[in-house]
Amino acid sequence: MARQDNRDRDERDSEFVDKLVHINRVAKVVKGGRRFGFAALVVVGDQKGRVGFGHGKAREVPEAIRKATEAAKRTMIRVPLREGRTLHHDVEGRHGAGKVLLRAAPAGTGIIAGGPMRAVFETLGVQDVVAKSLGSSNPYNMVRATFAALTKEDSPRSVAARRGLKVSVLQARRRDNNDDVAPAAAEA
């Protein structure tokens, strides 16, 4: 029975893609010299709209990465994607001094994002997005700010359910508003 559980766990783990974002080496000075420890920041996702991040600390790098990966799998969030390739709308996220701006992009744009944010989008399964880090370049703050932004992301279906409307009515209103704005811009 235990062997079956291990096989199921291995199959479930194989569906996830994990990316190492950052490793931090810290030293503790003791009588005999320095003792080194390692902290790892890992992002895990299924490339279909689920993503999580984790932080692990240990005396060896592989152990720190393993701990971070397990922590990331425990804290996964689901993000609604438009056509499975981009975000539904532009959104900002903050964590501490880290501030990020995420923008939906047309097909073929690719992932235009730096370092830690790129890892989040690649594991999330986003193909087209434009992102900008406006605050801290600390990888921990950037990843947390990106997750704060992604948790604000809403799909038209969830907005329609919240307002008690049909999705088609919501989309029609959006199109009508865009049509009203376009002629006014042309006249000015």
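No value in this document is a laboratory result; all are computed from the given coordinates. Note that the structure is a prediction, hence the values are computed from the model and not measured. Cβ coordinates were reconstructed from backbone atoms using ideal geometry, including for glycine residues, and neighbour counts include every protein chain displayed.
Just a few scattered comments:
- Pairwise centroid distance, computed over Cα atoms, of the range 54-100 with the range 155-169, Å: 28
- In the structure shown, the pairs LYS57/LYS99; LYS73/LYS152; LYS48/LYS152; LYS19/LYS132 are assessed against 27 Å; each Cα-Cα span is contained within that value.
- Net charge contributed by nearby residues that have their C-beta within less than 15 Å of ASN138 (K/R +1, D/E -1): +3
- In this calculation the C-beta distance from SER136 to GLU60 is compared with R0 = 45 Å, giving a FRET efficiency of 0.95.
- Of the GluC sites (Glu not before Pro) in the range 79-158, the ones in a loop by DSSP (not H, G, I, E or B) with at most 15 other beta carbons within 10 Å are GLU83.
- Cβ-derived FRET efficiency at R0 25 Å, VAL17 paired with SER158, nearest 0.05: 0.45
- Between 0 and 90°, nearest 10: helix 61-74 axis offset from the chain longest Cα axis: 40
- The equivalent ellipsoid of the range 29-157 has semi-axes of 30, 16, 12 Å, largest first, where each one is the square root of 5 times an eigenvalue of the Cα gyration tensor.
- Simple spin-label estimate for VAL26 and MET76 in nanometres, 7 Å along Cα-Cβ: 2.9
- Of all DSSP bridge pairs formed entirely within the chain, close to 95 percent run antiparallel.
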